[in-house]
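Before any comments, here is the structure.
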């Protein structure tokens, strides 16, 4: 399986980025719900530290939060709660993802959700020239400057992954 660059099909994420004049490169691959983030990084020919996944959580207060972390990492719920100023945080149920964000599991992007939720990006993103995030559809990724993503989503950089 290999990735292709560019595709005629535009996702909502791509339209949002274009509307905000944010440069990106789209990448596509054969959609498969069973692929892991690490496998997607391999298809893209990228290091796993540059490919990020988007996770949606709910705090004890009922507020929703978005966390963007490298695909090979695991979100540390205690660190995430601390970053968000919550007593605790839990992952939302998969069935709640689409109605809440407009995205399905495997195609969730921090860009262009139905509503802008407080967003946290793992601090390693700031040291990278380009990162990949979902383009809002399974089989589609966008490569962009993390500083642009941080600005667009009004994200906070934080240490939010499980440490070795």
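Nothing in this text is a laboratory measurement; each read-out follows from the coordinates by a stated rule. All figures in this text were calculated on a predicted structure; none of them were measured in a lab. So basically every Cβ, Gly included, is an ideal-geometry build from the backbone, and we count neighbours across all protein chains shown.
Run the paramagnetic zone check for residue 34: 7 angstrom along Cα to Cβ, then residues of the stretch 95-117 with backbone nitrogen under 17 Å. Of the residues in the stretch 95-117, 106 have backbone N under 17 Å from the label point off residue 34. When the chain is treated as a Gaussian network with alpha carbon springs shorter than 10 Å, the biggest mean-square fluctuation among 133, 25, 68 belongs to 25.
Working note: 222 nm ellipticity from helices only, DSSP H runs with n ≥ 4, each -39,500 (n - 2.57), summed and divided by the residues of the chain, gives -6500 deg cm²/dmol to the nearest 500.
Between the beta carbons of residue 63 and residue 147, assuming R0 = 41 Å, the FRET efficiency works out to 0.95 to the nearest 0.05. Using a simple spin-label model with pseudo-atoms 7 Å out from Cα toward Cβ, residue 130 and residue 105 lie 3.1 nm apart.
Among 50, 154, 15, sorting on how many other beta-carbon atoms sit within 10 Å of each Cβ, with the fewest leading, yields 154, 15, 50. Among 34, 11, 124, the residue with the largest mean-square fluctuation in a Gaussian network model of the chain, with springs joining Cα atoms closer than 10 Å, is 34. Between residue 72 and residue 93, the C-beta separation translates, for a Förster distance of 30 Å, into a calculated FRET efficiency of about 0.80. Test of understanding: in a Gaussian network model of the chain with alpha carbons linked when under 10 Å, which of 134, 151, 109 would top the mean-square fluctuation ranking? Highest fluctuation among the options: 151. Once Rg and the Kirkwood radius are both taken over the C-alpha atoms of the chain, their ratio Rg/Rh works out to 0.93. Take every DSSP beta bridge whose two residues both sit in the chain; close to 75 percent of them are antiparallel.
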